[in-house]
Amino acid sequence: MTIQPLRALRTMTLALTLAAAGAGQAAAAILYTITELPASQAGGSSVGYRINSSGTVLGFDSGHAALFAGGGVTDLSPLAGPSGLVRGLNDAGYVVGYGLGAGGGVRGFQTDATGLIPLPSLGYRVDAPVDMNNAGVAAGSMITLQGHEHAAIWTSSSVLDFGVMPGQRNARAVAINNLGQVAGNSGPRGFTWTAAGGFVDIGTLGGATTVTDINDNGWVTGLSELVPGGATSAFIYNGATMSAFGPIGKVTPFLSTQPWAINRDGVAVGVSQRDDRWFTAFVRRDGETLELQTLIDPALGWELAAAYDINDAGQITGAGYVNGRQSAFILTPIKTTGAVPEPGAWALMILGFGAAGASLRRRPVAA
């Protein structure tokens, strides 16, 4: 069959049009699968707060601290008592938190393979560890007998009150990474701290800075005021520079965005405000702030309200709504296994095949 030049041109135009349409659809691709972590009782609600490398989630089951693992739920509230909290989770599945001590005051604890371990205390009013790394070192804060809050770290056998930043009265550690770097807040300043180097002020975008997490590269995320007492912006600090980022689809941070966690690849998650003023879970990746519920299958009916943590494999946990109930979730990135050409690449390949065919038709057949 002979293809006329005009018909060939129309065929090429159609191929390019379909390629462009396919490229547009790729922008809204499904990037995550979702797993529900439902409450253990009918009518209850659940929230995912921390996720470790194996996908175990620390969270809340109808208001009780709970561990979601292997398809089951373990109630952790007896560890902390009625007024305590379980706040941190490491890759071994051990947790750290605080509750009322036997002799009065609030005291810290952690778990290991042997069970519950009370953490040592300096006898202050409050010991409140909130995070723990894979070496079992916990970080948090203490309230002294004089009522001042100091940043601190604990092991099962030791405790260190490392105080406050120079010129400040209070300090609170909020996260610790696997290198032993601690991140937190002292007065209106955000800091990182190491035993060898002490406090490092991470800077500001213009006003007060609030840190929420640190990754294993020493990168920090949180909020900073653009001017003292003014609007705040989310930021990522890479150890040298603080970079602001705005809400979903925005370059300038004029709506609210609250980052809660950052993983080793610098991917941050949290809660962002959309143009319609509703709050929704976001992920900050590849220089964009994206609404997480647009990256899952819409037929599943989820509304993802908040993302609270992300592990180094890119799994995210938080809370959302599905079928009329509030439920914790795990989002798992979809991994591609082959180099499948993009629609635009297919169009170029089609044109290439056509050009090669025309060249062969023009070339004389060799003996």
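The values are calculated or read from the model by the stated rules, or taken from the named source; none is laboratory data. Being a predicted model, the structure only gives us computed values, none of them experimental. Counting neighbours? That spans all protein chains shown, and the Cβs are built from the backbone with ideal geometry, glycine included. Ligands, DNA and RNA are excluded from the accessible area calculation, which covers all protein heavy atoms including side chains. Shrake-Rupley method; radii C 1.70, N 1.55, O 1.52, S 1.80 Å.
Things worth noting here:
- Exactly one residue out of T204, T210 is within 22 Å of the chain's Cα centre (by Cα), β-branched (V, I, T), part of a strand (DSSP E or B) and within 17 Å of G239 (Cα to Cα): that is T210.
- Here S121 does not qualify as of a type in the set (S, T, Y) and open to solvent by 60 Å² or more (accessible area, probe 1.4 Å).
- Odd one out for D216, checked against (1) in contact (Cβ under 8 Å) with a residue 40 or more places away in the chain; (2) in a strand (DSSP E or B); (3) open to solvent by 30 Å² or more (accessible area, probe 1.4 Å): (2)
- Index of the failed condition, F199 passing every other in (1) within 15 Å of the chain's Cα centre (by Cα); (2) part of a strand (DSSP E or B): (1)
- Residue list for region 1-59, restricted to those being modelled with pLDDT of 50 or more, among the small types (G, A, S) and open to solvent by 30 Å² or more (accessible area, probe 1.4 Å): A28, A29, S40, A42, G43, S45, S53, S54
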